[in-house]
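All remarks here apply to the structure that follows.
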Amino acid sequence: MKKLSFLLILVTSLSFGQSQKKVDLSNPNATIYTHIYFLMPDSYDVDKSAATFRGIPREEAREKAIKLKEILDGNGLRVDFTKVPKNPKYIDTTGVGSQSMEINENRYAPFPLRMPDVYVERIGTRWYYSAETVEKIDKLYKNTFPIEFSYLDENFPHLFTYTIGGYHIWKPIAFLAMILICILLYFILEPVVFFLLRQLGRLIFKKKLSEKSLDMTRELARPIVFVLIVRFIKRILPSLQMVEWNAFLVTGVRIAETVFWIYIFLKLMKIGINLYEEKNRNNRSKLDRQLAPLIGKVLHGIVVFIGFLHILTLFGVDPATVLAGASIGGIAIAFASQDSVKNLIGTIVIFLDKPFQIEDWVVIGGVEGSVEKVGFRSTRLRGADTTMFQIPNSKVVEMEINNKGLRVYRRYTTELGIRYDTPPDLIEAFMEGIKEIIRLHPETKSQSYNVEFVRFADFSLNIMVNVYFKSPDWGMEQASKNVLHLAILRLAANIGVEFAFPSSTLMIEQLPGQESLATQYGLNKKEIAQRVESIMSEFEKKEHNIDPEKSRIPGI
């Protein structure tokens with residue numbers, strides 16, 4: 001029985017001895033694992049962890065090993081050992097990391113972007129932390145932990161003795177104090193940053209900012225303050241030594257900082273576009289007024305995309321991999337959306353060539369309407385019946401464009417049919433009166449017009465009226481016609497000219513004992529001239545100011 005008990009104890013001891021972790025420096029993975037493993041609470045052995053440092057006294061190596069572990073924990077850096085190479089002859093082929101690192105050397109940096117000065121290198125057949133790492137540890141430690149709580153430890157030792165939820169009581173107190181300081185900093189820095197931005201704006205633009213610009217400046221001040229506060233938190237957080245939460249908290253803070261930077265750039269673009277619009281409000285064409293918003297949308301997308309790529313790198317994704325993936329994805333998207341790319345190119349051509357302006361009346365490929373909007377993909381036309389037409393910009397640049405909005409004058413031609421029994425003298429007076437109306441009309445080209453007796457129609461004597469309106473758009477053209485038509489009707493009614501209409505008339509001009517039924521015209525030239533002059537005087541006295549807004553059809 002005693003032999004059996006001795007045998008069991010011997011087997012257990014051997015098993016325990018075999019299960020103990022040994023120092024392994026044969027490859028990058030083993031060296032880094034040895035350093036981290038022997039500083040964990042369940043396997044704490046500083047001497048074995050310090051074996052990963054070479055060429056320095058044992059006591060100093062112990063101190064460096066502990067500090068390096070605290071540096072990694074303070075920055076929320078967790079080594080993913082599945083990605084650390086196990087090849088004893090591993091060669092770095094990227095050169096990413098410290099400036100002293102060269103390509104194709106036996107070196108490996110676990111965090112080449114965030115901590116490039118920390119890496120292991122092969123010396124003989126073993127891997128150790130480099131001399132550069134040893135040299136930089138004290139500096140990295142000081143940068144990671146700018147605040148020391150030795151004063152509290154000496155004067156309030158109970159804060160470092162009692163625990164709450166596994167944490168010493170000083171840590172949640174310090175964390176709460178940090179939050180309160182951040183709130184206080186916001187209320188102090190926000191007006192200060194706004195004041196500085198306002199003064200900077202006045203200095204740059206040599207004038208007082210508008211109310212709209214001031215509101216945008218105030219909106220810009222807030223994310224700047226948040227960035228300052230986030231940087232303050234980044235400096236203080238590692239000193240709280242909340243190891244279990246550091247990885248989560250530090251990553252969250254870095255993401256928040258990136259988001260606030262994105263917000264700052266977006267606000268800066270918005271302010272820049274607003275200032276550009278204010279400065280060139282009266283000097284730009286209607287089409288150019290849509291250029292700034294389009295450019296703003298493009299820059300908005302670029303800033304958000306770059307910010308998204310940066311956030312990916314915070315999760316350990318290699319920027320080169322991200323850019324390569326974005327390039328390949330961009331090519332794939334370009335092939336899959338060739339029409340969208342063509343439309344975007346068409347948009348650029350439209351803004352460069354400027355074949356029309358916003359609100360111009362155009363005919364594009366048989367579609368007629370007023371240009372309402374030029375977007376990334378298409379151009380919108382609003383028809384006379386308020387129908388919306390949407391034409392892809394790639395088609396717009398290929399089609400024939402008839403821009404009626406660029407006409408200097410709008411030609412209008414009509415024929416007035418008067419009765420066959422109208423005396424020639426009265427016809428001449430009527431035509432002279434129409435000519436005078438055209439000359440007095442505020443929206444006609446008084447040097448170019450035609451009022452002529454052109455033909456004998458079936459039921460009427462036709463007088464052609466050809467005029468040119470100076471109206472810039474369709475709505476004002478119709479209003480100008482209205483003024484002209486009413487003036488002609490008043491002239492005809494005043495001098496006794498009657499308009500003909502298709503009809504068959506059987507008229508007995510004279511019956512015994514009755515007066516003739518035939519139309520009686522005044523043939524006195526002097527009386528006719530007086531009546532014409534009276535109508536012209538009345539027309540000239542009236543103010544024919546045409547309001548463009550009242551003349552415009554809704555939606556056009």
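For the stretch 14-144, the Cα gyration tensor yields ellipsoid semi-axes of 22, 18, 14 Å (square root of five times each eigenvalue, largest first, whole Å). A Förster distance of 41 Å, applied to the separation of the beta-carbon atoms of residue 211 and residue 113, puts the FRET efficiency at 0.40. Legend: calculated FRET efficiency, residue 248 to residue 305, from the Cβ-Cβ distance at R0 = 35 Å, rounded to 0.05, equals 0.85. Segment residue 256..residue 534, full-extension length gain: 92.1 nm, with 0.36 nm per residue of separation and the alpha-carbon distance subtracted. Over 26 Å between C-alpha atoms is what I'm after, so list which of 354/481; 206/373; 435/481; 212/373; 21/89; 212/354 land there. Result: 354/481; 206/373; 212/354 exceed 26 Å. The ranking of 385, 215, 425, 360 from fewest to most other beta carbons within 10 Å of each one's beta carbon is 385, 215, 425, 360. In terms of other Cβ atoms within 10 Å, 536, 476 run from fewest to most in the order 536, 476.
Summing charges over all other residues whose Cβ lies under 13 Å from the Cβ of residue 223, with Lys and Arg as +1 and Asp and Glu as -1, gives +2. Applying 1/(1 + (r/R0)^6) with R0 = 60 Å to the Cβ-Cβ distance of residue 408 and residue 312 gives a FRET efficiency near 0.60. Among 226, 456, sorting on how many other beta-carbon atoms sit within 10 Å of each Cβ, with the fewest leading, yields 456, 226.
Bear in mind that the values in this text are calculations on the coordinates, not laboratory data. Predicted model only: the values in this text are computed from it and were never measured. Quick reminder, even Gly has a Cβ in these numbers, built from the backbone with ideal geometry, and neighbours come from all protein chains shown.
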